[in-house]
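Only the coordinates and a few stated rules stand behind these numbers; no lab work does. Bear in mind the structure is a predicted one, so any value in this text is a computation, not a measurement. Cβ: placed from backbone, ideal geometry, glycine included. Neighbour counts: every protein chain shown.
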Amino acid sequence: MVSIVNNIYLDDTIAAVSTPIGEGGIGIVRLSGKDSLKIADKVFQSKDGKKSSKFKTYTVHYGHIIQKEHQSTRAPEHQKVVDEVILTVMRGPRSYTKEDVVEINCHSGIAPLKKILDLCLINGARLAEPGEFTRRAFLNGRIDVLQAEAVLDIIKAKTELSLRSALNNLEGLFSKKINEIRESLIEIYAYMEACIDFSEEDLKGLRQADLFKRLDKIKSEIEKLISGSNQGRILRQGIKTVICGSPNVGKSSLMNAILKESRSIVTHIPGTTRDTIEEVVNIKGIPVTLIDTAGITDTDHPVEKEGIRRSHIYLGNADLVLLVLDGSRRLNKDDLDIIRKIRDNKEIIVVINKIDLKVKLDIKRLKKFFPKSSFIRVSALNLKGVNKLENEIWDTVWKGKAPAGDFIGVSNERQLEILRRCILDINEAVKAHKSSVSIDCISVYVRSSIESLSEITGHTITEQALDKIFSKFCIGK
C-alpha cells in the first residue's frame, strides 16, 4: 500500500500521554507495539496478582503502577506505588493500530502522567512521534490516509456539523468515492493498453467515443468534489470574521453579544480596544472566528497606531467583514474613510448598532456604498437583532447551499491539490484525443491521473508526504 516505509515505525514499541497535560479527572498513557504487554508486566501490579501478558483482549483491570527500587528483586519492600490505575488491554490485530495496545488510565496531573510515561520508557518503550499511533494504523492497513486525516479533523472539530463531516470521512465514505473514480480510470487505462497491444485486432464492444464519454463523466465527478471543497474548508477551518468600525460604535459590545459573554472590555471612552481580540463561536454549525479590532481613526498615539495597523491586516485576510456603524449619529470622516477602504471586500454585512436610540444615520445614502450587502439593525447593549445577524452570517456563508448531514469531501489543501492535478491530466487526455493524438500518448495522461488519485488514499505515497501529514497530529494520537 505504501511505496516507502521506514521499518522503525513498526519494529519497536511506542508510548505517549494521550490526554491533555494538566489537572483533571483522568489521564491516559498509551503503549503500542509487540512489547506493550511485556512492559506492562514490569510496571503494573494487578489487584489479583496476575500478569498483564496473561490478560485477555478487551479486558480492564484494577491495580497499581509500581516502581522497583532494585530491578534485581521483586520483594514488596523494594517496590514503590506510583499511582492507582485502571489498565486496558487490546491485543492486535483488533486494536487501533492493529498491534498490541495497552492503555493506563491514571489520575490526571503532570506528576503521575510523567512518572508513568518515564517508567514505560525506562522499561523498553520509545516516545511516540506526533501522530505515530494513527500512522501505525495506516501502515498496518487498518485505515487509509483520508481516514487518518479525518481523525485529525475530528479532534479539531468545533461544531456538530464539522464533526459529522469528519466522521463521514473516517467511516470511509470519501475514500469509497475516490476509489470508485480511481477504478473507473484504471478500466479506461486498461482498455487503452489493450488498444496499443492488440492494435491489429478488432476489440468488439469498445469504442473510443464511449471511452471519452466515460472520461468526461469522471471529470465532472472530480469537479464536483473540487467545487465542494470550500464547504469542507469552512466546516474544518471556519471563517474569519472581522468586526470593524470607527471608535466607540459598539464593536466590542457586538462581539460580547454574539459570544454571550463579556470577552472584550467595553467603555464609553473611544479607543478602549487597542489590539485585536479573537474568539471562536458556533453560529448555526459554522465555526466562526470573531476578531474584534481597534477602532480605525487618525491618531498620533503609537499604541493606537499599531492596533489600527493590525486591524487593516486582519481586514485584508478576512472571509467576512462586519462593518459596525453608530445608528444614533450621522456618518463622520472616520466612517467614510473606512467605507472607502473596505467597500471592495468580497463579503460585507453592514451592522447598524444602537437602534435603541433615535436613528440619525442616513441609511439610504449608506446603501449606495454597499448595494449588494445586507443591512442588519441591532442593539448590542440590549441584545436586540443579534439572532437576525447570526442568521444573516449563516446565509452569507452558505449562499443557500449549506452541506447536508451526509456531506463528504475535500477537507484540506493536500487533497484539493491532488484533485486539481488529476483534472489537469484528464483535460490533457481529452485535448489530445480531439487533436487525434495516438492512444499510447493519451494513455500517459490517464495513468498520471490514476497515480494522483492513489496519493489521496495512500495507495502510493512517500515517506516525506506521510511525515508532513502526521506532523500536524498531537504526540498521543
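Of note:
- Listed residues Phe407, Leu235, Asn248: farthest to the positive end of the dipole of the chain (Cβ charges): Asn248
- A simple count of charges around Lys114, restricted to other residues whose Cβ falls under 14 Å of its Cβ and scoring Lys, Arg +1 and Asp, Glu -1, yields -2.
- When the Cα convex hull of segment 334-477 is projected onto planes of every orientation, the mean area is 16.8 nm².
- Cross-link pairs Lys213/Lys431; Lys80/Lys115; Lys98/Lys177; Lys333/Lys360; Lys51/Lys98; Lys341/Lys372 - those with Cα-Cα distance over 19 Å: Lys98/Lys177; Lys51/Lys98
- Here the simple spin-label model places points 7 Å from the Cα toward Cβ, and for His107 and Ile122 these points are separated by 1.9 nm.
- The Cβ shell under 11 Å around Ser379 holds other residues with a net charge of +2, Lys and Arg each +1, Asp and Glu each -1.
- Start at zero, step by 5 Å, and the Cα-Cα distances of segment 113-161 spread as 5, 18, 18, 17, 14, 17, 9, 3, 1 percent across the bins.
- By the helix-only formula, in which each DSSP H run with n ≥ 4 contributes -39500 (n - 2.57) and the sum is divided by residues, the chain has a 222 nm mean residue ellipticity of -14000 deg cm²/dmol.
- Of all beta bridges that DSSP places with both ends in the chain, some 65 percent have antiparallel geometry.
- About the Cα centre, charge dipole magnitude for the chain (Lys/Arg +1, Asp/Glu -1 at Cβ), debye: 1700 debye
- Taking Cβ atoms as reference points and 15 Å as the exclusive limit, the residues near Gly232 contribute a net charge of +3, counting Lys and Arg as +1 and Asp and Glu as -1.
- Check: segment 432-474 dipole with +1 on Lys, Arg Cβ and -1 on Asp, Glu Cβ, in debye: 180 debye
- Cα gyration tensor shape for segment 395-472, rounded if a/c is under 1.5, else prolate or oblate: oblate
- The chain: DSSP helices with Cα axial extent of at least 27 Å and average Kyte-Doolittle hydropathy no lower than 0.5: 439-457
- From the coordinates shown, semi-axes √(5λ) of the Cα gyration tensor in Å corresponds to which of (1) 49, 41, 16; (2) 44, 23, 20; (3) 58, 33, 26: (1)
- Kirkwood estimate for segment 85-204, i.e. one over the average of 1/r between Cα atoms, Å: 18.3 Å
- Short to long, the 10 Å bins of the Cα pair-distance histogram for segment 138-199 hold 21, 33, 22, 15, 7, 2 percent of all pairs.
- Placing unit charges on the Cβ atoms of the charged side chains and taking the dipole of the chain about its Cα centre, the candidate lying farthest along the positive direction among Leu87, Asn345, Gln67 is Asn345.
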